[in-house]
Amino acid sequence: MIGWLKIDRAIKEHWIWKDPVKFQWWIDMLITANFKDGKSNIGNSLIECKRGQSIMSLKEWGKRWKVDKNKVRNFFVLLEKDGMILHENMLKTTRITICNYDSYQGQEN
């Protein structure tokens with residue numbers, strides 16, 4: 001995957017900066033999110049995945065981060081409480097929407 005990601009220097013004042021593991025997970029979520037609308041095939045279903053969203057199960061995120069899915073779920077709940085993401089439980093997967101995605105991946109320089 002090629003491309004770039006914008007991060008405002010103000011991130012250093014955010015609570016997530018102070019936790020290196022959660023910060024790494026957050027950045028991973030940002031770079032994993034779709035940069036354009038698309039569809040994902042989960043089982044025998046096509047699921048719409050728009051710009052700024054990702055489709056991956058809690059179990060898959062857990063494998064990726066080497067933690068159990070409860071830790072992933074708790075992290076997602078924390079991010080949602082802070083208005084950073086929306087997460088939607090779906091059959092066999094979870095759809096994550098990064099709030100204000102264009103501030104990280106906008107078109108302007």
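Protein heavy-atom surface of the chain, 1.4 angstrom probe: 51% of the accessible area is carbon and sulfur, with nucleic acids and ligands not counted.
Calculated [222 nm] ellipticity per residue, helices only, for the chain: -10000 deg cm²/dmol; basis is -39500 (n - 2.57) per DSSP H run with n ≥ 4, divided by all residues, nearest 500. The mean accessible area for residues of the chain, using a 1.4 Å probe and ignoring ligands and nucleic acids, is 68 Å² per residue. With the Cα gyration tensor of region 43-105 giving a ≥ b ≥ c as the square roots of its eigenvalues, does the rule (a/c under 1.5 for rounded; else a/b larger than b/c for prolate; else oblate) give rounded, prolate or oblate? Taking the square roots of the gyration eigenvalues as a ≥ b ≥ c, region 43-105 is oblate.
For the pair region 61-109 / region 10-41, the C-alpha centres are spaced 8 Å from each other. The share of alpha-carbon pairs in region 24-63 lying farther apart than 17 Å comes to 33%. Of the three principal axes defined by the Cα atoms of the chain, the extents in descending order read 43, 33, 24 Å. Here the calculated FRET efficiency for Ser103 and Glu48, from their Cβ-Cβ distance with R0 = 25 Å, stands at 0.65, rounded to the nearest 0.05. If we count every other residue with Cβ under 14 angstrom of Arg51's Cβ, Lys/Arg +1 and Asp/Glu -1, where does the sum land? Spelling it out: positives minus negatives among the neighbours equals +1.
The values are calculated or read from the model by the stated rules, or taken from the named source; none is laboratory data. Please read all numbers here as calculations on a predicted model, not as lab measurements. In this analysis, Cβ positions are derived from the backbone assuming ideal geometry, glycine residues included, and neighbour counts consider all displayed protein chains. Keep in mind that these areas ignore ligands, DNA and RNA; they rest on the heavy atoms of the full protein, side chains included. Shrake-Rupley method; radii C 1.70, N 1.55, O 1.52, S 1.80 Å.
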